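Inspection log for the structure reproduced underneath, given as structure tokens.
The values are calculated or read from the model by the stated rules, or taken from the named source; none is laboratory data. If you're wondering where the values come from, they're calculated on a predicted model, not measured in any experiment. Cβ placement follows ideal geometry from the backbone for every residue including glycine, while neighbour counts extend to all protein chains displayed. To get the accessible areas, we keep the full protein, side chains included, count just its heavy atoms, and leave off ligands, DNA and RNA. Shrake-Rupley method; radii C 1.70, N 1.55, O 1.52, S 1.80 Å.
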Amino acid sequence: AWRTPPGTRLWTYWLLAYALLGDGLLRAAADGGPDGLPTGLAGGTWPTATAPVLALTLACAPAAWCAHHFAVRAGRKLATSRGLEDFAESVRPLLLGTFALFLCALTALLALCGAALDEPAAYAQALTLGALLLLARLLTVHGFTHAPTLALGAAAATEAMALSLDLIGRLPGCGFLATPVETVLNSWGPGGIPALACGAAALTLLFHTTRTLTRASAHAPANEPR
């Protein structure tokens, strides 16, 4: 935690808050609301998405285990590899396998929490957000803090812009500003906004991660944040 920049923590809190309240606010805004504050109920006028946020919270444990597992296995491969290319080729499938393992664990948690709370699991937006947060964690614990902050900030800014445009679009003569948001809402529902925002950021960060964490220098014992 001490290596996490304040900006990364701020964007993470925003993304989690949006996962809890954002879809309901966007749906209420599209219907002319909201008419009140969130009630904590999935069926209220401003519904909250408790199940995916609970699953993401519980996923902190498998995320920590995956990050530790990857670091330990990569360290062993660094000690036994015969060269930089050999190390990169052996670590890349380990990284992708760790990433896939976490997504499987998160999917199971989403299903369990959705069933336990009798709420929609919101797989698309929760999985893309979980993937983004895991990649940010993997990079941060290895000392690479700049890219996670940018990726999380871009996703948060996209969600904030979608909310702002939808609300501003109510003003006279400003309806055209809400057209992109309404197009996504009509096609995929409110969950399409965070799924697209976090999905695009996660894919970008995954590409960066596969290039960064497959370098031997990323796993040096004296690696410093950069």
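Against the longest alpha carbon principal axis of the chain, how many degrees, from 0 to 90 and to the nearest 10, is the axis of helix 60-80 turned? Tilt of helix 60-80: around 30 degrees.
Across the options Gly175, Ile193, Cys104, the greatest Cα extent toward the positive end of the charge dipole of the chain (unit charges at beta carbon of Lys, Arg, Asp, Glu) belongs to Cys104.
Against the chain, whose longest principal axis is taken from its Cα atoms, helix 192-212 shows a tilt of about 10°.
Rolling a 1.4 Å probe across the protein heavy atoms gives the chain an accessible surface of 50 Å² per residue. The overall shape of segment 111-226, judged from the alpha-carbon gyration tensor, is oblate: a/c is not under 1.5, and a/b is no greater than b/c. Relative to the longest principal axis of the Cα atoms of the chain, the long axis of helix 123-141 lies at roughly 40 degrees.
Projecting label points 7 angstrom from Cα along Cα→Cβ for Arg211 and Ala64 puts them 3.2 nm apart.
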